[in-house]
Structures are given as C-alpha cells and as structure tokens.
Amino acid sequence: MHMTCAETREFAAVFRPLIADLPSNRQVVLAPPFTSIPTLCRHLEGAGVAIAGQNVHWEESGAYTGMISGPMLIEHGVTHAIVGHSEPRKYYSETDEQINLRARSAQDHGLIPILCVGESLDQREARETERVIHRQVEQGLEGIDPLRLIVAYEPIWAIGTGKSCAAEEANRICSLIRGWVGSPDVVVQYGGSVNPGTIDELMAQNDIDGVLVGGASLDPVSFARIANYQVPVAA
C-alpha cells in the first residue's frame, strides 16, 4: 500500500531510463496498488515492463466489496497477479484453498499467477519448513498449469525483520519447490529482504530464477540496481 498516482509518475520517470539496457532475457514486473495501475501502464508503455495486480478474486464479478477481478486487471494491460502473499495470509487469514481459487482464476483469464509460499519463524524453528511449504505448493497448485506460473519462496521470518536467509538455503528451498511442482521449467523466485547488496549472490544460485522484491522496490534507483544484477564470473 505505497504510492499515489502522482508518486507513481515520479517513480516511472526515474526508473524508466535506468532499465533501458536490460538484457533481452530479463523481465521486470511491477505490482503497484490497483489505483496506480493505469498510471504506471501509461508512463512505462514501451519500456518492456510487465504489470501485475497485487491480488485477484476468483469470481469475475459479484457482491465482493473491495475485491478486484481478472477482467478488471486485463482491461488495463495487466499480465500477472500475485496470489498467496504472506500479508493476506497473515492479516486476512487467506487459506490455501482460496489461494488456489485465485491462481486458477488468474490462469483462466490469461494472467500469470505469482504464487507466494513460505514459513514463519516459529515453523522454521520447529523444523517444519519443508512440511509447510510442501503443503502450500500441493494445495495451492491443484489444477494449475506449471508452465504459466511463477512460484515465489518468501520466508516470512526474513521479510522486514533484519534476519536474512542465506543464498544457499534459499536455493535449497527453491530446488525443493521445483521438484514438488513437478516441472523443471517452472519459474521459481526468492523473496525475503532482497536488496542491492544481496541480489548478485542470490541470482548466482542455480535454482533461483528471479526475485520478488519488497521494500527495496520503492526506490527506483535501488530497484533498478536489482534489475541490473551482475552474476559473479567464476574464476
């Protein structure tokens, strides 16, 4: 819940030239608040940036006050939708069943769902990480096409807490997720306090295909540095 339309215009003006020379095989997706989607689409038109909704409902329309549907997003050129983010799971008690319905609806309307999974600190300390994430993947992806999907591993304990997940551990979990999805080609991201200081090491990992960025994406210079990551060259 950041940025008015005016702030979004300012962001786009600074961000656009900083990503003008990205490699052709690198994709940037921005997920602004719903009110800023038209503004961002307009000011980043032709820049090669895709736009995502921060959530999507499983119905096309109806008495669901405060919700937004697939057709409403597509009308503005949106191509992706985040589902199962840790905050709706935590604050609004979203279930794996509801998240699966959202992901299905996204795909049914031609959107690519970005399905977030991850464990809390209590779950990690209780050695339940793998069980929890396996369940989230299994239930959240029922009936989902893995080739039109992004899965984002976001350990809740590493989001805005100052704690960090080592790149090797993030890679291990992403590898497990890839196996549980059952498709070697599924896109698996890592998200958890990603910043310009950690991006290069994260993207050097074999099973991390990309990153889901939180607070560091609010600064266009910071986010552009992440988008322009440099994988270290082996000696």
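The values are calculated or read from the model by the stated rules, or taken from the named source; none is laboratory data. Just so we're clear, the structure is a prediction, and the values are computed from it rather than from any experiment. With ideal geometry, Cβ positions are generated from the backbone for all residues, glycine too; neighbour counts draw on all protein chains shown.
Looking only at residues in the range 6-23 that are exposed (fewer than 13 other Cβ atoms within 10 Å of the Cβ) and not hydrophobic (A, V, I, L, M, F, W, C), the one that is nearest to the chain's Cα centre (by Cα) is 23. Of the helices (runs of 4 or more DSSP H) lying entirely inside the range 16-124, those containing at least 3 residues that are touching a Gly at 6+ places or on another chain (Cβ under 8 Å) and under 18 Å from residue 144 (Cα atoms) span 96-108. Taking the criterion of being of a type in the set (A, V, I, L, M) and either surrounded by fewer than 19 Cβ atoms within 10 Å (Cβ to Cβ) or at pLDDT below 95 (or both), the residues of the range 33-87 that qualify are 47, 50, 63, 67, 68, 72, 74. If you check 144, 226 for being in contact with a strand residue (DSSP E or B) (Cβ under 9 Å, 6 or more places away or on another chain), under 18 Å from residue 23 (Cα atoms), surrounded by 17 or more Cβ atoms within 10 Å (Cβ to Cβ) and touching a residue at least 12 places away in the same chain (Cβ under 8 Å), only one passes: 226.
Would you point out the residue of the range 88-103, among those that are over 15 Å from residue 181 (Cα atoms), touching a residue at least 40 places away in the same chain (Cβ under 8 Å) and not acidic (Asp, Glu), that is surrounded by the fewest Cβ atoms within 10 Å (Cβ to Cβ)? Here the residue is 90. When 173, 208 are checked against the criterion of being in a helix (DSSP H, G or I) and not acidic (Asp, Glu), 173 stands alone in meeting it. Filtering the range 214-235 to residues that are within 20 Å of residue 171 (Cα to Cα), modelled with pLDDT of 95 or more and within 15 Å of the chain's Cα centre (by Cα) leaves 226, 227. Put simply, of 106, 204, 166 the only residue that is under 28 Å from residue 25 (Cα atoms), buried (at least 22 other Cβ atoms within 10 Å of the Cβ) and among the small types (Gly, Ala, Ser) is 106. The listed residues are 188, 137, and the only one of them that is assigned to a helix (DSSP H, G or I) and touching a residue at least 24 places away in the same chain (Cβ under 8 Å) turns out to be 137.
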